[in-house]
Structures are given as structure tokens and as C-alpha cells.
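The structure appears right after this line, and notes come after that.
The values are calculated or read from the model by the stated rules, or taken from the named source; none is laboratory data. The model shown is predicted, which means the values in this text are computed figures rather than measured ones. Cβ placement follows ideal geometry from the backbone for every residue including glycine, while neighbour counts extend to all protein chains displayed. Each accessible area value is taken on the protein alone, full model and side chains, heavy atoms only, with ligands, DNA and RNA left out. Shrake-Rupley method; radii C 1.70, N 1.55, O 1.52, S 1.80 Å.
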Amino acid sequence: MDIHISKLLAKMEKEIHGAMHGSSDSEVRERLLAVKTLCDLVLEEQAEERYETKQPSPQADSLQLQKMMGASNFNNKKKEEDGVNGDSIFDF
């Protein structure tokens, strides 16, 4: 459910105004809690949007993983004719 930020800000403004003119401490506290909740909603939504845009593609992840694991080094090794220095550490 997408709610435009201007609507959330208007609701926050209304709650702050109510807190400023609140008759009791509990009413002020409830209104401030409502403002906090609205702020959390806005901030979480913005954080999720940033996270979604920064996710690299799965193909890039696999290439980075191969580079980290040194897979490209194994593929580019030249093997000697007698099989020495193969891909395995157990090849003698």
C-alpha cells in the first residue's frame, strides 16, 4: 500500500498540533507516539527503496564469487604435459 509522503506529513502535523494543545500528559504521549510511528513508516519505506536499488544482479554476484574463490585462476592455468600442477592440490 503506497501512501504519499505528503499525506503522512500532514497527519504528523495534525498529531503534533494535537500534542501541543493536549490536555493531559497521556494524550500528549499518545500523539507523540503516533508521530514516531509515522516517522518510522516513512524512514523504513525509504530504506527499503535504497536497498532494492543497490542490489547487484545475480550474474554479477556469481562473477564476484568466482573471482573471490579464484576460479578464474584455475581455468587459465596451463597444465604440463605429464599432468603435474593440475587443478587439484593432490596432483603431483
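So the values come out like this:
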read-out: Residue selected from region 11-26 under the condition among the small types (Gly, Ala, Ser) and loosely packed, with under 14 Cβ neighbours inside 10 Å, by the criterion nearest to LEU38 (Cα to Cα); value: SER26
read-out: Every pair of residues 6+ apart whose Cβ atoms lie under 8 Å, when the first sits in region 20-43 and is outside any helix (DSSP H, G or I) while the second is open to solvent by less than 90 Å² (accessible area, probe 1.4 Å); value: GLY22/VAL28; GLY22/ARG31
